[in-house]
Amino acid sequence: MEEVRQWARKNPEVLVLSPLVQSSHVVSDDLLDKVEKSGYEWVRLDGRILKINDLANFEFADKTLYNVELVVGKITDFRNRIWPRWLMSPWI
């Protein structure tokens, strides 16, 4: 937990991500259907943040493995966050 706190002090915001594809080949149409049905606007594709419209124009290579995650939230007040006492436990 201390590592997370130290990282948060250096970074102004934290993204909350939900994995869709992890180190796998991507079928563009299937991925777009999943993303559009989710109702979210942003995805992270191999570390790059893209709008869903940009994802529709992205050309996936057949033999390349991709990581795709939905950006489901963003915490911008991470430094001012009051954490529950149980989360501060040294055993986590």
Study note, to complete from the structure: Straight-line reach check, residue 34, cutoff 14 Å on alpha carbons, 8 or more apart in-chain or any other chain, hits among aspartates and glutamates -> 69
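Just need the Rg to Rh number for the range 16-66, please, alpha carbons only, Kirkwood Rh.
On the way: Rg = 10.2 Å, Rh = 11.3 Å.
So for the range 16-66, dividing Rg by the Kirkwood Rh gives 0.91.
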Exercise for review: Report ³J(HN,Hα) in whole Hz for each residue of the range 58-72, in order, from the Karplus equation J = 6.51 cos²θ - 1.76 cosθ + 1.60 where θ = phi - 60°; Gly and Pro get x.
Suggested key: 6, 9, 7, 6, 5, 9, 9, 8, 10, 10, 10, 10, 7, 8, 9
Revision key, fill the gap. Amide H contacts under 5 Å for residue 72, restricted to residues at least 5 apart in sequence or on another chain and with H modeled in the peptide plane, are 16, 17, 18
Check your understanding: Which of the lysines could be linked to residue 74 by a straight reach, that is with a Cα gap under 18 Å, when you skip same-chain ones fewer than 8 residues away?
Key -> 10, 51
Check your understanding: What is the Cα centroid distance between the range 29-47 and the range 1-21, reported in whole angstrom?
Key -> 21 Å
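Work out, step by step, the length gained on full extension between residue 77 and residue 51: first 0.36 nm times the residue separation, then minus their alpha carbon distance; give nm to one decimal. List each step's numbers first, then the result.
Values: separation 26, 0.36 × 26 = 9.36 nm, distance 2.29 nm.
This chain segment gains 7.1 nm when fully extended.
What ranking of 2, 36 emerges when the number of other C-beta atoms within 10 Å of each C-beta is taken as an exposure proxy, fewest first?
Values: 2 8, 36 12.
The most exposed by this proxy come first: 2, 36.
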Check your understanding: What are the residues whose amide H is under 5 Å from the amide H of residue 67, where those residues sit 5 or more places off or on another chain and H is modelled from the backbone?
Key -> 23, 46
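Each reported figure results from applying straightforward, stated rules to the coordinates on display, with no laboratory input. This structure is a prediction, so every number in the text was calculated from the model and none was measured. Here the Cβ is made from the backbone with ideal geometry for all residues, glycine too, and neighbour counts use every protein chain on show.
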